[in-house]
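Participant: Take this structure, written in structure tokens, and hold onto it; I'll ask about it next.
The values are calculated or read from the model by the stated rules, or taken from the named source; none is laboratory data. Keep in mind it's a predicted model, so treat the numbers as computed, not measured. Cβ placement follows ideal geometry from the backbone for every residue including glycine, while neighbour counts extend to all protein chains displayed. Heavy atoms of the whole protein, side chains included, go into the accessibility calculation; ligands, DNA and RNA do not. Shrake-Rupley method; radii C 1.70, N 1.55, O 1.52, S 1.80 Å.
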Amino acid sequence: MTKHTRTAETITELVDLEFVDQQGEATALQADLVFDPADPFAVTMVFRNSTQEVRWTFGRELLVEGLYEPTGDGDVHVWPCLSSNGTAVVIVELCSPDGELLVQAQSRVVNSFVNRMLAAVPDGQEGTFVDLDTELARFFDAA
């Protein structure tokens, strides 16, 4: 199996979101979508406010598949939808013991991020970007 060198750069996309509350009211919010080829199976959403940062990391396949069909078991669900004004959006639902967050982003922005991510690490090639020896050493050093 060919291992790729870690020359691929982290991909970050600032995304304008709408937080949809339980009453269906939308509030503008921003987050970064982040993909680091060093962790090729994951994508992270980073939410910030003036005092803190909240990071949600989940399988990148959820974001890829969620562009086209409902996907997700557990804490993260992603699905395509139309906004109230008919614009194509992607809904991301994040669930934790502390509550749920439902946000929507324009599909074209998420699709652009996904295309850049897949260009950096093609679907099915994620394993070639993982240096198993380094990961095992890191695991045993932390133990």
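Participant: If we scan the range 109-130, do we find a residue that is at pLDDT 95 or above and over 13 Å from the mean Cα position of the chain (by Cα)?
Facilitator: no
Participant: Give me the residue from the range 101-116 that is in a strand (DSSP E or B) and among the hydrophobic types (A, V, I, L, M, F, W, C) and, out of that set, farthest from VAL54 (Cα to Cα).
Facilitator: ALA105
Participant: So CYS95 ticks every box in (1) in contact with a strand residue (DSSP E or B) (Cβ under 7 Å, 6 or more places away or on another chain); (2) in a strand (DSSP E or B); (3) not small (Gly, Ala, Ser) but one. Which box is left unticked?
Facilitator: (1)
Participant: Here's a follow-up. For a quick check of your reading of the model, give me the residue pairs whose first member lies in the range 97-120 and is over 19 Å from LEU29 (Cα atoms) and open to solvent by 50 Å² or more (accessible area, probe 1.4 Å), whose second is of a type in the set (Phe, Trp, Tyr) and not in a helix (DSSP H, G or I), with beta-carbon atoms closer than 9 Å and at least 6 apart or on different chains.
Facilitator: ARG116/PHE35
Participant: So, one more: For the range 34-46, state whether one or more residues are surrounded by fewer than 16 Cβ atoms within 10 Å (Cβ to Cβ) and hydroxyl-bearing (Ser, Thr, Tyr).
Facilitator: no
Yes/no matrix, rows are residues, columns are (1) at pLDDT below 95; (2) under 19 Å from VAL109 (Cβ atoms):
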{"site": "LEU14", "(1), (2)": "no, yes"}
{"site": "GLU18", "(1), (2)": "yes, yes"}
{"site": "ASP32", "(1), (2)": "no, yes"}
{"site": "THR44", "(1), (2)": "no, yes"}
{"site": "ARG48", "(1), (2)": "yes, yes"}
{"site": "TRP56", "(1), (2)": "yes, yes"}
{"site": "VAL64", "(1), (2)": "no, yes"}
{"site": "ASP73", "(1), (2)": "yes, no"}
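Participant: Right, here's the next one. When you scan the range 75-84, how many residues do you find that are open to solvent by 50 Å² or more (accessible area, probe 1.4 Å), closer than 25 Å to ASP98 by Cα and at pLDDT 95 or above?
Facilitator: Of all residues in the range 75-84, those open to solvent by 50 Å² or more (accessible area, probe 1.4 Å) come to 75, 79, 81-82, 84.
From the residues that got through so far, the ones that are closer than 25 Å to ASP98 by Cα too are 75, 79.
Subset that is at pLDDT 95 or above: 79.
Going through the range 75-84 one residue at a time, the tally reaches 1.
Participant: All but one of (1) at pLDDT 90 or above; (2) surrounded by 13 or more Cβ atoms within 10 Å (Cβ to Cβ) hold for ALA8; which doesn't?
Facilitator: Unmet for ALA8, out of (1) at pLDDT 90 or above; (2) surrounded by 13 or more Cβ atoms within 10 Å (Cβ to Cβ): (1).
Participant: Only one of (1) part of a strand (DSSP E or B); (2) within 18 Å of LEU118 (Cβ to Cβ); (3) open to solvent by 60 Å² or more (accessible area, probe 1.4 Å) fails for GLU13. Which number is that?
Facilitator: (3)
Participant: Can you name every residue in the range 44-92 that is under 22 Å from LEU118 (Cβ atoms), part of a loop (DSSP other than H, G, I, E, B) and among the acidic types (Asp, Glu)?
Facilitator: GLU69
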